[in-house]
Amino acid sequence: MIERILPVGVASSEEYADVPDSPLYPEELEAVAGASERRRRAFATGRHCARRALDRLGVPAGPLSVGGWGEPLWPAGVAGAITHCEGYRAAAAARSTELAGLGIDAEPHVPLPAGVLEAVALPYERGRLRALARARPGLHWDKILFSAKESVYKAWFPLTGRWLDFTQAELRFHPDPNPAATAGEFHARLLVAGPVVGGRTVRHFTGRWLVADGLVITAANV
Ligand SMILES: CC(C)(COP(=O)(O)OP(=O)(O)OC[C@H]1O[C@@H](n2cnc3c(N)ncnc32)[C@H](O)[C@@H]1OP(=O)(O)O)[C@@H](O)C(=O)NCCC(=O)NCCS
């Protein structure tokens with residue numbers, strides 16, 4: 001499923017359940033030493049997907065340690081991301097010569113809990129979401145926005161090492177012209193100074209979203 005929203009040149013891997021006995025390297029085991037069994041299984045399946053994505057990219061896949069903010073530490077020259085939610089785990093990776101930053105996120109396709117949209121959406125975005133909901137009532141646009149912002153954060157963080165608040169990027173959605181489509185593109189405009197990539201300041205991220213099989217899946221890149 002994730003392949004459908006990733007740019008050409010990105011390798012990926014996904015699972016709909018945990019892969020039993022996915023092996024972990026000692027430094028990875030240490031990162032989840034105190035975690036619940038459920039969390040350890042999700043983490044291990046995420047690492048399993050990440051190593052398979054690296055393999056498909058032709059990059060030797062060793063340990064993927066955890067950085068100080070929880071970010072996976074990809075091999076030099078690779079941009080990548082991992083996601084897991086109930087019933088889904090995935091990883092995607094690209095060579096940094098192709099993409100400077102890559103984020104993916106998956107969420108159950110259900111509305112956000114009450115009060116969350118107010119915390120994660122800008123006034124402009126809330127207005128646009130109301131219009132999108134009128135045009136495409138079967139889709140939970142609040143959850144699509146939330147997931148897209150989490151993808152933006154995962155692409156942003158390895159480039160900056162900085163927090164990015166939900167109110168520091170403004171998202172616009174471009175639904176597919178086909179009214180029955182359940183996928184489309186989005187555009188994220190940074191409202192704070194962006195990282196410098198290849199001598200140019202990044203001001204935007206682009207991405208795609210997909211609703212299928214009860215899930216919202218998003219991918220952002222720069
Ligand atoms: C970090 C965060 C994005 C994770 O998203 P989530 O929906 O809770 O969980 P997911 O399963 O989709 O993703 C978890 C994976 O994200 C990755 N991750 C965690 N912190 C990260 C970071 N700082 N940078 C990049 N990736 C990170 C990890 O790979 C993690 O899985 P792992 O611990 O098994 O390796 C989220 O918890 C968060 O802190 N969001 C707030 C920041 C934000 O989204 N801002 C919006 C800006 S517009």
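The values are calculated or read from the model by the stated rules, or taken from the named source; none is laboratory data. All values reported here derive from a predicted model rather than from experimental measurement. FYI the Cβ positions are ideal-geometry reconstructions off the backbone, even for glycines, and counts take in every protein chain you see.
Observations
- When residue 132 is tested against the conditions (1) more than 10 Å from the ligand (Cβ to nearest atom); (2) under 23 Å from residue 200 (Cβ atoms), the lone failure is (2).
- Flag for residue 179 being in contact (Cβ under 8 Å) with a residue 12 or more places away in the chain and surrounded by 12 or more Cβ atoms within 10 Å (Cβ to Cβ): no
- Residue count for the stretch 71-125, restricted to those that are among the hydroxyl-bearing types (Ser, Thr, Tyr) and closer than 21 Å to residue 187 by Cα: 3.
- Listed by position, the helices (runs of 4 or more DSSP H) inside the stretch 2-121 whose residues that are at pLDDT 95 or above and exposed (fewer than 14 other Cβ atoms within 10 Å of the Cβ) number at least 3 are 26-31, 37-57.
- Among residues of the stretch 205-218 that are under 11 Å from residue 1 (Cβ atoms), those with a beta-carbon under 9 Å from a residue that is β-branched (Val, Ile, Thr) and modelled with pLDDT under 95 at least six positions away or on a different chain give the pairs 210/182; 211/182; 212/182.
- Residues that are assigned to a strand (DSSP E or B) and farther than 21 Å from residue 120 by Cα, drawn from the stretch 176-194: 183
- Hits in the stretch 72-84 (condition: at negative phi and either more than 8 Å from the ligand (Cβ to nearest atom) or in contact with a Pro (Cβ under 6 Å, 6 or more places away or on another chain) (or both)): 73, 74, 75, 76, 78, 79, 80, 82
- Within the stretch 151-169, considering residues that are polar (S, T, N, Q), under 22 Å from residue 124 (Cα atoms) and over 14 Å from the mean Cα position of the chain (by Cα), the one farthest from the ligand (Cβ to nearest atom): 167
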